[in-house]
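Student: Got a structure for you, written out below as structure tokens; questions coming shortly.
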Amino acid sequence: MVEFLQIGAIQPVSIDCSDLRHIPTRCLQILLAARRHWAEAEQSFILTGVGDECRHALRTLGVSETTFQFEGI
């Protein structure tokens, strides 16, 4: 993932989260930084397949539903 983020926001990205039950804090920090980077480049940054457990974990960590663009589930 680090290599992917170093390449930069040259095109829209969609990340499949369907296998996740929770997001560790460090991973969330990376996703938040990447989302900001893609937004600055005016590219979409979408999380797909984010289930209820994962959404609950995000809310518990203080992430609002509008922070990320979600698709699926």
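Student: Restricting attention to the stretch 45-73, which residues are over 14 Å from Cys27 (Cβ atoms) and assigned to a strand (DSSP E or B)?
Tutor: Within the stretch 45-73, Phe45, Ile46, Thr48, Gln69, Phe70, Glu71 qualify.
Student: Could you grab the pairs with beta carbons closer than 6 Å, sequence gap of 6+ or different chains, first residue in the stretch 47-61 and closer than 18 Å to Ala34 by Cβ, second one assigned to a strand (DSSP E or B)?
Tutor: Matching pairs, first to second residue: Leu47/Ile15; Leu47/Phe70; Thr48/Ser14; Thr48/Asp16; Thr48/Glu71; Gly49/Asp16; Val50/Phe70.
Student: Being within 11 Å of the chain's Cα centre (by Cα) and in a loop (DSSP other than H, G, I, E, B) is the filter; apply it to the stretch 7-43 and report the residue that is modelled with the lowest pLDDT.
Tutor: Out of the qualifying residues, it is Ile23.
The values are calculated or read from the model by the stated rules, or taken from the named source; none is laboratory data. Nothing here was measured: the structure is a model prediction, and the numbers come from that model. We place every Cβ from the backbone using ideal geometry, glycine too, and count neighbours over all the protein chains shown.
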